[in-house]
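What follows is one structure encoded as structure tokens, with my remarks underneath.
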Amino acid sequence: MNALVFQNFISGPRQSRVHTPRTLREVNELQRAMPHAAVIGGATWIMRAPLRGTPIPADVIALSGVAGLDEIKISDPITFGSMVTLESAARILKGLSDLAALREACVHAATPPLRRMITLGGSVAAADFHASDIVPALLCLDAEIISEESVITEIRLPRSQWVSCHERLTWRSGGEYSVASISLSYDPPTGRVRVALGSIESTPRRWTSVEQAMMAESLTPHTAARVVHAHLAELEPVTSPGIPGSYRLEVLPTVMERAVRRLL
Ligand SMILES: Cc1cc2nc3c(=O)[nH]c(=O)nc-3n(C[C@H](O)[C@H](O)[C@H](O)COP(=O)(O)OP(=O)(O)OC[C@H]3O[C@@H](n4cnc5c(N)ncnc54)[C@H](O)[C@@H]3O)c2cc1C
């Protein structure tokens with residue numbers, strides 16, 4: 001067991017006890033013995049708990065030594081172990097146009113050093129992170145999340161003839177949370193679409209009413225932006241420092257327009 005020192009910029013350093021199991025069975029045993037303990041993937045979300053006003057857990061269970069969780073199986077579905085980092089996932093997904101939404105989300109999220117740490121499993125489990133790029137991408141790709149007890153073990157992505165993309169708007173060119181993001185997947189022969197939102201509401205989600213409306217007419221950047229505009233009243237946008245919720249709604253039709261323009 002090691003000690004992990006967190007710098008709490010508000011009230012000084014704190015420590016967590018770090019447990020390092022080798023198998024999922026050991027993880028589950030530790031969880032039963034310490035129900036208050038948190039499992040950690042890349043620890044990038046947990047390490048900033050003090051900045052969110054949340055206490056650091058006294059015990060953390062690191063998944064980094066658990067055999068098999070960093071494996072990638074290339075078949076249909078493509079299966080990512082939950083400890084696969086954004087950088088590794090992006091490398092594997094290169095050139096796969098049906099899964100481009102996830103690759104683009106992985107390539108543009110956070111910064112290069114962080115992308116070497118952030119895991120797919122941790123991204124799925126950080127449910128209170130409204131600006132996730134990874135979750136909307138997984139939603140629009142119809143990903144299947146596999147868990148064992150409360151531990152996410154795999155993310156499965158079905159292959160298809162669809163095309164997809166992840167469009168995010170930021171103030172600068174990157175290295176920051178997006179103001180608004182849309183993950184979009186599209187099946188050209190049938191006109192079917194899946195749309196997922198990030199950075200708009202408190203949790204990323206599919207936007208099924210917009211999907212239905214987009215499928216009712218032929219897809220162009222202009223029609224898609226118009227549909228988004230007509231459905232904005234359904235959304236409950238979050239306000240964060242410097243970004244009013246109303247601004248997120250204002251830019252959303254343009255984000256959709258750019259996404260469709262790239263897909264067609
Ligand atoms: C400065 C900064 C900028 C960032 N910018 C972006 C961005 O633009 N876009 C983006 O998508 N992400 C971004 N992130 C990443 C995001 O904020 C989260 O930190 C990330 O999603 C968490 O991944 P992790 O592997 O580090 O998870 P951890 O911090 O290890 O864990 C996060 C949560 O998930 C739980 N958990 C972890 N793994 C598992 C598992 N296998 N099963 C069950 N529960 C689990 C933990 O207990 C914890 O509650 C950024 C992070 C930082 C630090």
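Being farther than 19 Å from GLU257 by Cβ, touching a residue at least 12 places away in the same chain (Cβ under 8 Å) and not assigned by TED's automatic domain parsing to the domain that holds ARG25 narrows it down to one of ILE145, ILE182, so name that one.
Only one candidate passes the filter, namely ILE145.
Those helices (runs of 4 or more DSSP H) of region 72-135 in which at least 2 residues are surrounded by fewer than 17 Cβ atoms within 10 Å (Cβ to Cβ) and near the ligand (Cβ under 10 Å from one of its atoms), considering only elements entirely within it, cover 112-115. Taking the listed residues LEU157, LEU169, LEU197, the one that is assigned by TED's automatic domain parsing to the domain that holds VAL238, among the hydrophobic types (A, V, I, L, M, F, W, C) and under 19 Å from ILE78 (Cα atoms) is LEU157, with no other qualifying.
Kindly indicate whether HIS231 is surrounded by 13 or more Cβ atoms within 10 Å (Cβ to Cβ), more than 16 Å from the ligand (Cβ to nearest atom) and assigned to a helix (DSSP H, G or I). Here the answer is yes, as HIS231 does meet what is asked.
Quick grid of which residues meet (1) part of a strand (DSSP E or B); (2) in contact (Cβ under 8 Å) with a residue 40 or more places away in the chain:
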| residue | (1), (2) |
| --- | --- |
| ILE152 | yes, yes |
| ARG168 | yes, yes |
| TYR177 | no, yes |
| ALA224 | no, no |
| VAL227 | no, no |
| LEU249 | no, yes |
| MET256 | no, yes |
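Which residues, counting only those in region 36-64, are within 22 Å of ILE145 (Cβ to Cβ) and out of contact with any strand residue (DSSP E or B) (no Cβ under 6 Å at 6 or more places or on another chain)? ALA43, THR44, TRP45, SER64 - these are the residues of region 36-64 that are within 22 Å of ILE145 (Cβ to Cβ) and out of contact with any strand residue (DSSP E or B) (no Cβ under 6 Å at 6 or more places or on another chain). With respect to (1) outside any loop (DSSP other than H, G, I, E, B); (2) touching a residue at least 24 places away in the same chain (Cβ under 8 Å), the lone exception for GLU201 is condition (1).
Residues considered: ALA213, ALA196, ALA180. Of these, the only one that is under 18 Å from ALA230 (Cβ atoms) and within 13 Å of the ligand (Cβ to nearest atom) is ALA180. Does ARG48 satisfy the criteria of being surrounded by fewer than 20 Cβ atoms within 10 Å (Cβ to Cβ), within 7 Å of the ligand (Cβ to nearest atom), free of Cβ contacts under 8 Å to residues at least 60 places away in the same chain and not hydrophobic (A, V, I, L, M, F, W, C)? Yes, satisfied.
Taken together, the criteria place SER173 among residues that are assigned to a loop (DSSP other than H, G, I, E, B), modelled with pLDDT under 95 and not hydrophobic (A, V, I, L, M, F, W, C). If you go through region 201-214 and keep only what is of a type in the set (A, V, I, L, M, F, W, C) and in contact with a strand residue (DSSP E or B) (Cβ under 6 Å, 6 or more places away or on another chain), you end up with TRP207, VAL210, MET214. For region 16-37: of the residues being in a loop (DSSP other than H, G, I, E, B) and either among the acidic types (Asp, Glu) or in contact with a Leu (Cβ under 7 Å, 6 or more places away or on another chain) (or both), which is farthest from THR153 (Cα to Cα)? The selected residue is ALA37. Summed over region 185-228, the residues that are surrounded by fewer than 23 Cβ atoms within 10 Å (Cβ to Cβ) and under 18 Å from the mean Cα position of the chain (by Cα) give a count of 6.
The values are calculated or read from the model by the stated rules, or taken from the named source; none is laboratory data. Owing to the predicted nature of the structure, the values given are computational and were not obtained by experimental measurement. Every residue, glycine among them, receives a Cβ derived from its backbone with ideal geometry; neighbour counts consider all protein chains shown.
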